[in-house]
Amino acid sequence: METFKLTVNCQQKDVTVDPSTPLLWVLREDLKMSGTKYGCGIAACGACTVHVGGVPTRSCVLPISLVGERPVVTIEAMSNDTIGRVVEEAWESEDVVQCGYCQSGQIMSAVALLKATPKPTDKDIEESMGGNLCRCGTYVRIRQAIKAAARQLG
Amino acid sequence: MATATTPNFLEVNRRTFLRMSGAAAGGLFLSLHLAEPGHARQTPKAQAYPPAAFIHVRSDGKIVIQVNRLEFGQGVQTALPMLLADEMDADWSQVIAELAPAADVYSDPIAGIQMVGGSGSIAHSFEQYRQLGASARAMLIAAAAAQWNVMPEQCRTEASVVYGPNSQSAKYGELAESAAKLPVPESVQLKKESELHLSGKNTRRLDSRGKCNGSQKFGLDVDLPGMKVALVAHPPVFGARVKSFNADAARAISGVRDVFEMPLVRGTGVAVVADRFWAAKQARDRLQAEWNTASVEHPDTAQLFSKYRELARTAGNIAMTRGSAASMDSIPSSKRILAEYEFPFLAHTPMEPLNTTVRFDSSGAEVWAGSQFQTFDQMAVAEVLGLKAEQVTFHTEMAGGGFGRRAVADSHVQREAATIAKRLPGIPVKLIWTREDDVQGGYYRPMFVHRVDVGIGADGMPIAWRHVIVGQSLVAGTPFAARLIKDGVDATAVEGVADTAYAIQNFYVSAHHPEINVPVLWWRSVGHTHTAFVMETLIDELAMRAKTDPIAYRLKLLSPDAKKLRACLTLLREKTASWRDSATGNRAVGVASHESFGTGVACAVEVSVENKRPKIHRAVIAVDPGFAVNPLSIESQMQGGVTFGMTQVMPKGAITLKDGRVEQRNWDGYTPPYINDAPVTVEVHIVPSSEKPTGCGEPPVPVISPAIVNALSRLTGKRYRSLPLAEI
Ligand code: FES
Ligand code: FES
């Protein structure tokens, strides 16, 4: 067990855990932030996507000991993020979600995409969202919502 | 999951009536109960469970509606409240929908148990929710009329307000308490279609916001004080038992509380209980377990296929026979197609891994689970814990997909969770099946082999059809067997062939159901996952041989009473007219149509081959679900359903076994479609209809795979008869 100082959604958090614990489980179980989801644990689905140092990251394979000083941003902070809020609203108005379980990760990937590429093409979308699995198959509407958010932000 | 043709497997009489369920303080509660003539039911058990009813009109004006089945993406948590609120003239912005706990009162009115399956939510509860709404409205009007000393007929309602003849008005929230003291009307008049203001209109989901901002809690997010997390090491071959295990290394992990051998539905396993997931996971990885695998059968995909192919050469138990079986023998081989199809095991892999939380103590138990079968799962927990079902409070948790995987007659996940909780009285235990447990844990769509002999007449239409289907029964040994297995044929294995809408004169279908040591389960759209593929690729091949347009060919062959498919194909033809015949160069169009669960679907896809894989540029769907309760949700189900259906054409869309062991572990080895694999656009057209509504969760799944390979056949000239789809 070791104590780590984290910055999560602009707040300082101390956690005492096994250093190999993935960031995902620290968020979910120690910090009680269950918006970030577990889908596969092997970086194959993107349900656990958070931003670490501004980069979309699969938190299920990132040991807490490797987070370091980098700030962590999760889905719980998106409603207060300028781009995050627009993306969430686009998701709602396009009626994207079905079961919803993948959507925290989808939105975190989409926000990262729009931060880097304000006017994404279909190809940009496919590249950035290509690792986010949705078993319900909401991809068509995800595409529409990203484009709608980009228009809104434009 | 029962088929559309046999929905009432528990033979519950459909007659329903309303009964008052107590004027509780704080508003109007209203319940609808089933009446079984001849078996007078006692006071509804539901009253023992909070919340006691379907509708709670709170004095603050909020209207809380209990949804009698699981929401796991299909949109029922929005659609059923729409029906109710519409009849009630409730202010939609004040409606809150909750997932009802397990209780008799929430049974599916047709199935007789509380469940989601067979695309039956809307089909079965359409009238029920409308009656509830209409009754609540009548009671609220009666309360207002009494207060104003006017006749109820003089009042009207709109957006949760009753208006009287002399410009009186009262909000539902204000009337709720007095309305609750009035008798429930014996019968109510439902609105005419033209009077509906919510149903039939595009309505956004009620559960979007929480699912977009991370606040929606799913079963896996259940967090209780003092809760422990449990993982189970399952046998490497189904049904094997633990020979011995060394838990020293596992116990050495900080936070591990208990490691013990436990019985499973099949064989035995080793449970690891820890404070946190990561400790439990590390401990399970370090367990040294030896398994006694010698006494169980070791299924092997390659061997099974050769065995199935052999079986398919002989006739099985007869599923359907029409005309003369011998008519085939007089047709020359030049006028025959002999086709053999192979389908692998498929895992559902819903996005949210399987899980269940149980807390057990001397007075009873509490369960939190995303369940498609609350009735069975509650009974199973009670049985494991030595309790009565009513001592088990069963909370229905929002589920991250299911596709059939949470509708398991043996309740194996809930049994495991209860077995572990029993050892730790007073402590809530959350059992998690990791993705590896899920991919390797069985309960797959069974493997199938079809062998079909088609005889073609002078006009290019099929005149004789001999069809043998080989695959495990889904329902053998379950409570569904009595209703779904007839004369040795499991209806879920032959649906979509035996009841085909194509009018084929001499038609003979039989089935073999080998018993194999692999647990199997319904996978979204059940038998239609394979039967539609066989029928729709063969019909397309016949159309090509006859040099006839695939839509025209189907319309010609459909029986006159296949109204929905006719309507879908006609609409599809109209909506694709501008481009369907002009696909050029490296693109081709494939068509398929199929009716399942009472809903007709026709699909056209425009496909090219890129990197040896089909690229789907667009898909167009025409669907006939009867009256479309929420067209927006139907559109989503069609879009999502075709993507889900594509799982089986993905290069890694198969579960295979070698010497008893599953060869895939996670989504790296069993890989469903991602955004790059899915169609870029899916355009959905709904046939206008006032017929009774039918379900939309499953019907889009069967059409997509045949439509894709039909397009590929047009591009390459080859036929594709085995899934998953190898390199093109
Ligand atoms: S849970 Fe991290 S990528 Fe799947
Ligand atoms: S919405 Fe269900 S997995 Fe994406």
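The values are calculated or read from the model by the stated rules, or taken from the named source; none is laboratory data. On a predicted model such as this, the values are computed, not experimentally measured, just so you know. Counting neighbours? That spans all protein chains shown, and the Cβs are built from the backbone with ideal geometry, glycine included. The protein model used for the area step is the full one, side chains on, heavy atoms only, and it has no ligands, DNA or RNA in it. Shrake-Rupley method; radii C 1.70, N 1.55, O 1.52, S 1.80 Å.
Quick look at the values:
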item	result
Residues (buried (at least 24 other Cβ atoms within 10 Å of the Cβ) and either in a helix (DSSP H, G or I) or charged (D, E, K, R) (or both)) located in the stretch B:621-641	B:D624, B:S633, B:I634, B:S636, B:Q637, B:M638, B:Q639, B:G640, B:G641
Qualifying residue in the stretch B:674-682 (condition: within 14 Å of chain A (Cβ to nearest Cβ), at pLDDT 95 or above, buried (at least 23 other Cβ atoms within 10 Å of the Cβ) and assigned to a strand (DSSP E or B))	yes
Where B:R714 falls short, out of the listed (1) in contact (Cβ under 8 Å) with a residue 24 or more places away in the chain; (2) open to solvent by 10 Å² or more (accessible area, probe 1.4 Å); (3) not in a helix (DSSP H, G or I)	(3)
Any hit, the stretch B:334-341, residues being under 31 Å from the mean Cα position of the chain (by Cα) and of a type outside the set (D, E)	yes
Pick from the stretch B:75-106, criterion within 16 Å of ligand 2 (Cβ to nearest atom) and either of a type in the set (S, T, Y) or more than 30 Å from B:Q391 (Cα to Cα) (or both), ranking: farthest from the chain's Cα centre (by Cα)	B:T78
Qualifying residues in the stretch A:12-58 (those that are within 16 Å of ligand 2 (Cβ to nearest atom) and among the β-branched types (V, I, T)) - the one nearest to B:P225 (Cα to Cα)	A:T36
Selection within the stretch A:99-153 - within 16 Å of ligand 2 (Cβ to nearest atom), of a type in the set (K, R) and not in a helix (DSSP H, G or I)	A:R135
Residue match in the stretch B:268-275 (condition: open to solvent by less than 20 Å² (accessible area, probe 1.4 Å) and within 28 Å of A:C102 (Cβ to Cβ))	yes
Residue within the stretch B:281-289 that is in contact with a Ser or Thr (Cβ under 8 Å, 6 or more places away or on another chain), modelled with pLDDT of 95 or more and closer than 27 Å to A:E29 by Cα present	yes
So B:R566, is it assigned to a helix (DSSP H, G or I) and either out of contact with any strand residue (DSSP E or B) (no Cβ under 7 Å at 6 or more places or on another chain) or open to solvent by 10 Å² or more (accessible area, probe 1.4 Å) (or both)	yes
Which listed residue, of B:V381, B:V439, B:V358, B:V367, is open to solvent by less than 10 Å² (accessible area, probe 1.4 Å), away from ligand 1 (no atom under 16 Å from the Cβ) and outside any strand (DSSP E or B)	B:V381
Criterion violated by A:E92 - all others in (1) more than 13 Å from ligand 2 (Cβ to nearest atom); (2) more than 9 Å from chain B (Cβ to nearest Cβ); (3) closer than 25 Å to B:I621 by Cα satisfied	(2)
Selection count where residues are touching a Ser or Thr at 6+ places or on another chain (Cβ under 6 Å) and open to solvent by 10 Å² or more (accessible area, probe 1.4 Å), scope the stretch A:15-31	3
Residue match in the stretch B:651-667 (condition: out of contact with any strand residue (DSSP E or B) (no Cβ under 7 Å at 6 or more places or on another chain), more than 16 Å from ligand 1 (Cβ to nearest atom), of a type outside the set (G, A, S) and farther than 29 Å from B:I516 by Cα)	no
Counted residues, the stretch A:52-80 - those being closer than 18 Å to A:F4 by Cα, under 12 Å from the mean Cα position of the chain (by Cα) and in a strand (DSSP E or B)	3
Residue ranges of strands (runs of 3 or more DSSP E) in the stretch B:127-219 with at least 2 members touching a residue at least 12 places away in the same chain (Cβ under 8 Å) and surrounded by fewer than 19 Cβ atoms within 10 Å (Cβ to Cβ)	B:156-158
Selected residue [in a strand (DSSP E or B) and within 14 Å of another protein chain (Cβ to nearest Cβ)] from B:R618, B:R665	B:R618
Checklist (1) open to solvent by 10 Å² or more (accessible area, probe 1.4 Å); (2) within 16 Å of ligand 1 (Cβ to nearest atom); (3) among the aliphatic types (A, V, I, L, M) applied to A:A116, failing item	(2)
Among (1) within 14 Å of chain A (Cβ to nearest Cβ); (2) of a type in the set (S, T, N, Q); (3) more than 26 Å from the chain's Cα centre (by Cα), the one test that B:S208 misses	(3)
Any hit, the stretch B:344-351, residues being open to solvent by 50 Å² or more (accessible area, probe 1.4 Å) and of a type outside the set (G, A, S)	no
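Listed here are the residues, each with its yes/no results for (1) open to solvent by 10 Å² or more (accessible area, probe 1.4 Å); (2) within 11 Å of another protein chain (Cβ to nearest Cβ).
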residue: B:V601; (1), (2): no, no
residue: B:A604; (1), (2): no, no
residue: B:P614; (1), (2): yes, no
residue: B:T643; (1), (2): no, yes
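Residue by residue, here is whether (1) away from ligand 1 (no atom under 16 Å from the Cβ); (2) assigned to a loop (DSSP other than H, G, I, E, B); (3) β-branched (V, I, T) holds:
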| site | (1), (2), (3) |
| --- | --- |
| A:K13 | yes, no, no |
| A:L24 | no, no, no |
| A:L27 | no, no, no |
| A:M33 | no, yes, no |
| A:Y38 | no, yes, no |
| A:A43 | no, yes, no |
| A:A47 | no, yes, no |
